[in-house]
1. Suppose we keep just the DSSP beta bridges with both residues in the chain; what percent of those would be antiparallel, to 5?
2. Based on the mean of other Cβ atoms within 10 Å per residue, sort peptides 318-324, 5-11 so the most packed one is first.
3. Region 157-316: Rg/Rh from Cα coordinates, Kirkwood Rh?
4. Which aspartates and glutamates does Lys172 reach when only Cα atoms under 17 Å apart count, and residues fewer than 8 places away in its own chain are ignored?
5. Report the extension gain between Met1 and Val82 in nm, rounded to one decimal, defined as 0.36 nm multiplied by the number of residues separating them, less their alpha carbon distance.
6. Report the calculated FRET efficiency for Ala183 and Lys339 (r = Cβ-Cβ distance, R0 = 41 Å), to the nearest 0.05.
7. When the accessible area of the chain is computed with all protein chains present and a 1.4 Å probe, what percentage of it is carbon and sulfur?
8. Just the projected area, averaged over all directions, of the convex hull on the alpha carbon atoms of region 29-150: how many nm²?
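The values are calculated or read from the model by the stated rules, or taken from the named source; none is laboratory data. Just so it is clear, the structure is predicted and the values come from calculations on it, not from any experiment. When we count neighbours, we look across all protein chains shown, and the Cβ atoms used for this are built from the backbone with ideal geometry, even at glycine. Heads up: the accessible areas ignore ligands, DNA and RNA and are worked out on the full protein's heavy atoms, side chains in. Shrake-Rupley method; radii C 1.70, N 1.55, O 1.52, S 1.80 Å.
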Amino acid sequence: MVWEMRWHPLREEWVFIAAHRQDRPWSGDRVRDKEKELPEYDPECYLCPDNVRVSGARNPNYADTFVFDNDHPSVGLHAPEVIPPPPGVFRNRPALGIARVVCYTPKHNTTLAEMDRNGIVQLLKTWQQQYRELGSHPEIAGVMMFENKGEVVGVSNPHPHCQIYATSVVTKFIEVEERASLAYWRENRRTLFQDILKAEAADGRRIVVQNDSAVAFLPYFARYAYETYVAPKEAYPSIAEMSAGELVDFADVLRSVLVRFDNLWEMSFPYVMALHQAPVDGGDYGHFHFHIELYPPLRKPNLLKYHAGIELGGGNFLSDTSPEEKAAELRALPDVHYKLAGAGSQTGD
Ligand SMILES: [Zn+2]
Ligand SMILES: [Zn+2]
């Protein structure tokens, strides 16, 4: 049992780990699909092929990924440029940016966890193209790609998709990670994230799955019960620099993590997934190491991690599980999705 505070070097904050409290482990009931069966094509879905969106645009009959400009953008190239200046200490700026949606597949009723290697590789290539293209706009300083999955994180449309916010500012966590990585580089002449990977490899207890060029682990300083990082072993500022072979390895590791998430309680596991990539404002980001962070909000089936006093009020996270224990749980699960494993299969407990 772990009862200590752990330093989060990428966010520069302490995480409270209080896994000593006698919290009974999950007894093993499966949540097994109260999930409703979905059709492969939904005529009402604005993301399905050939359907008309609110903007009046018709989706093409796409075969793998499909990218379009968000019809309800929170940032846009046409956001008002002349805005009234606020008084005194306050500051504002135009909500300049590009907001896009990426459909992973035409199949309405699948998820990233259930997609095959080729489909995931295709998505990774789409992310590469988007990072390059959006990064080439002079107005854009940061490209944030993220997926919100599941009703508990507010997603009403199950069609597998992610969003891209390409913004004229660098988002907060990237800015902090970049600052911390640069300071670490100046002090040690080593890449911070490389040293994290090295320490995780040396310990080994928090690694979920890995292959030649990619690795998935619960970081030592995880803030959520099942928080998982997926990274190439080589340091690249963004996904755009990764080779075709590395994309395949990365797809395999990402898929394996998501399958284990779903297999945990035999339910489609909700999460927020964020790609952490270097800013695109023309700076030198050779010390930045691209990775994906996955934040599953559940601690147990139907039990959400709430952001309460210490998180919202103090800005530090309290976790009542240890990443070592949760990584072992995920590691022990099969790598084949329960929906594909067939009736009567065991799920590794
Ligand atoms: Zn759909
Ligand atoms: Zn990060």
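1. Among the beta bridges of the chain, antiparallel pairing accounts for roughly 90 percent.
2. 318-324, 5-11
3. 0.96
4. Straight-line reach from Lys172, under 17 Å: Glu12, Glu13, Asp281, Glu293, Glu311.
5. Taking 0.36 nm per residue and subtracting the Cα distance, the gain is 23.5 nm.
6. Given R0 = 41 Å and the Cβ-Cβ separation, E is 0.35.
7. With neighbouring chains kept in place, the figure for the chain is 53 percent.
8. 11.9
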